[in-house]
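Here's the structure, in structure tokens; my notes come after.
The values are calculated or read from the model by the stated rules, or taken from the named source; none is laboratory data. These numbers come from a predicted model, not from an experiment. Because the Cβ atoms are built from the backbone with ideal geometry, glycine has one as well, and the counts that use them run over all protein chains shown. Accessible surface is based on the protein model in full, side chains and every heavy atom, while ligands, DNA and RNA are left aside. Shrake-Rupley method; radii C 1.70, N 1.55, O 1.52, S 1.80 Å.
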Amino acid sequence: MSYKAIWTENKKLNAVEKVKLKKDGLDIIDTIVNKYAKTGYDSIDADDMGLFKWAGVYEQKPKNGYFMLRVRMTSGIMRAEQAKVLAEIAEKYGRGIANITTRGSIQFHWLKIEDIPDVFRRLDACGLSSFEACGDCTRSIVGNPLAGIDKEELIDTSSLVREVNDFFLLNRDFSNLPRKYKISISGSVHNAAHAQINDIAFTPASKNIDGKEVLGFHIWLGGGLSSTPHLAKKLNIFAKPTEVLQITKAVCTIFRDNGYRERRTHARLKFLLDDWGVDKFRDKITEITGPLLESGIDKTVSWNAAYYYGIHPQKQQGKTFIGLNIPLGEIKAADLAELASIAETYGDKKLRTTLSQNIIISGIDDERIPSLIKKEIFKRLPVTPKNFLGYTIACTGNEFCNLAIVNTKDTARQIANYLDEKIHLPVPVRIHITGCPNSCGQKHIADISLQGGRVKTENGVEDAFTVWAGGTLDGDGHFAEKLKDLTASSEIKFVLEKILRFYQKNALENEKFTAF
Ligand code: SF4
């Protein structure tokens, strides 16, 4: 029986699955371009609106005719000319702002349905795409943003990530998964692509094969956040670089055919893995791929939390990269265009986004650094940011997101600015703010995190946050634990100040805020 026949036979399919049986999500691209962009917002059918995600488009809050559009950013690496196109789109359609997400993608808000075909055209013309940046399919692949220039990478994963991306993008065999399928492929020894919170992840490993040390990957499976967070588990497999696509495809096939489609909240790969266990899952993979080698030696040494601030030598002699802060991931179109021009004039004509919502400029001649960093733009987007603003991450929040309970970006800015004024620590403390339990702001992996809710106070019902602490992806990873119940948004900066003062007073020498 074909996999589509299996879904049709399943009487308990959730409502989204029933829509997907009638229309492939990818068909919405043509419907947007050739129908709705001409007939307008009010003509959009509710089922079709649900499929807009496959085109990388979401209806934005308060559902009055505007959309968010997300652009895939494979491994975070883009050419300067592509960055200029993104800046033009932000300027023309996105009210002059682009946002970097926690997967290093770029988002625009304020698009009208009539604008979208032109945005698709502009992206396509420069080799970028928003397709399948959202939806029940393989999302933008995260990787080492320093791929190819990283002094410490064991494998340059640039071409590997491109190969996997190109295989899955617009591939109708994999455009109807039970939920999203997030892939992480990195050769960095610093776990640059947050392996443990992806559905499938590859981190560097080595294995002695016929007396020769061969570099390849460990495989992690079943990670994901939201309200039921799971740290990915290691499979007992050593993947040679040439096997990465084959294994990623096999896992996606298993997920497509066996993943749960009854409840949306129970549809991610992590639930299937929980029920099967790693040994059964491994056997299912090898039924498709044929025999695979057992795990080699883990080569990951630490987790850098995706921060690259400062000025650093590259693997190429005489070349340097700089990591700069884009506060809360929001960048003005003019600044993005200027960074692209800097990359063209001073660097290797590339910009690299990070999972901490920041940007790297690479390939700069060492001797040009002193004059470069004097430029005015690096006062706004500094290479040495403030301790709190530079390490605070926020999801979209209720300004645009229909699922949000509270405001995130403005609150994050206020909290970070307050703490930067009040507290001076020798080490950064990573603060993540997420507007609802879905955790796009990655509450679980922060030193301190805030999750939005609502609380009754004497002034009525107010925005509020629960407080969490202790998240890390060092080693196997450890998710943040709840410290405090809902506290009104207006009070939250004082609560954080208290926690940080306690740490300041009691920390041992060189003790990091999170020590697991
Ligand atoms: Fe929206 Fe919630 Fe995701 Fe924030 S965490 S972007 S509020 S769905």
For residue 512, the aspartates and glutamates lying under 16 Å Cα to Cα, once residues fewer than eight places off in the same chain are dropped, come out as 447, 474
When the charge dipole of the stretch 382-516 is computed with +1 at the Cβ of Lys and Arg and -1 at the Cβ of Asp and Glu, the Cα pointing farthest to the positive end, of 489, 470, 439, is that of 489
In whole Hz, the Karplus estimates of ³J(HN,Hα) for the stretch 417-422 (6.51, -1.76, 1.60; θ = phi - 60°; x where Gly or Pro) are 5, 4, 5, 5, 6, 8
Amide H neighbours of residue 56 at under 5 Å, excluding residues fewer than 5 places away on the same chain, with H built from the backbone geometry, are 132, 133, 134
Going residue by residue through the stretch 28-36, the Karplus relation 6.51 cos²θ - 1.76 cosθ + 1.60 with θ = phi - 60° gives ³J(HN,Hα) values, rounded to whole Hz and with x marking Gly or Pro, of 5, 4, 5, 5, 5, 5, 9, 10, 5
Residue separation between residue 209 and residue 459 times 0.36 nm, minus their alpha-carbon distance, gives in nm 83.2 nm
The long-range amide H neighbours of residue 209, using H built 1.01 Å from N in the peptide plane and a cut-off of under 5 Å, are 214
Result for the chain: accessible area per residue, probe 1.4 angstrom, in square angstrom, of 41 Å²
Stretched fully, the stretch from residue 30 through residue 18 gains (0.36 nm per residue minus C-alpha distance, one decimal, in nm) 2.3 nm
Which residues qualify? For residue 449, with a placed amide H closer than 5 Å and at least 5 residues away or on another chain, they are 432, 468, 469
Sorted by number, the cysteines in the chain with no other cysteine beta-carbon under 4.7 Å are 126, 134, 137, 252, 401, 436
Phi-derived 3J(HN,Hα) across the stretch 309-322 with the Karplus relation (6.51, -1.76, 1.60, θ = phi - 60°), rounded Hz, x for Gly and Pro, is 4, x, 10, 9, x, 9, 5, 7, 3, x, 10, 9, 10, 10
Within the stretch 65-168, DSSP-loop trypsin sites (Lys or Arg not before Pro) with at most 13 other C-beta atoms within 10 Å are 95, 112, 151
Summing -39500 (n - 2.57) over every DSSP H run of at least 4 residues in the chain and dividing by its residue count gives a helix-only mean residue ellipticity at 222 nm, to the nearest 500 deg cm²/dmol, of -8500 deg cm²/dmol
Quick calc, the chain, dipole around Cα centre from Cβ unit charges on Lys, Arg (+) and Asp, Glu (-), nearest 20 debye, gives 540 debye
In the chain the accessible area split gives carbon plus sulfur, as whole percent at 1.4 Å, a share of 50 percent
Under the 7 Å Cα-to-Cβ spin-label approximation, residue 63 and residue 506 lie apart by a distance in nanometres of 4.6 nm
Whole-Å distance linking the alpha carbon centroid of the stretch 50-123 with that of the stretch 359-380 is 27 Å
In whole percent, the Cα-Cα distances of the stretch 231-333 spread across 5 Å bins from 0 upward as 2, 9, 14, 15, 12, 11, 12, 12, 10, 4, 0, 0
Checked the stretch 222-268 with the C-alpha gyration tensor, a ≥ b ≥ c its square-rooted eigenvalues, rounded below a/c of 1.5, otherwise prolate if a/b is larger than b/c and oblate if not; verdict oblate
From the cross-link list 18/249; 63/493; 12/270; 84/443, the entries with a Cα-Cα span beyond 22 Å are 18/249; 63/493; 84/443
By the C-alpha gyration tensor axes a ≥ b ≥ c (rounded if a/c is under 1.5, else prolate when a/b exceeds b/c, else oblate), the shape of the chain is rounded
Label model pair residue 319, residue 334: point-to-point distance (7 angstrom along the Cα→beta-carbon line) in nm is 3.2 nm
Rounded to the nearest 5, the percent of antiparallel DSSP beta bridges in the stretch 317-474 equals 70 percent
For residue 118 and residue 274, extending 7 Å from Cα along the Cα-Cβ vector and measuring point to point gives, in nm, a value of 4.7 nm
Plugging the Cβ-Cβ distance of residue 6 and residue 162 into 1/(1 + (r/R0)^6) at R0 = 22 Å yields, to the nearest 0.05, a FRET efficiency of 0.10
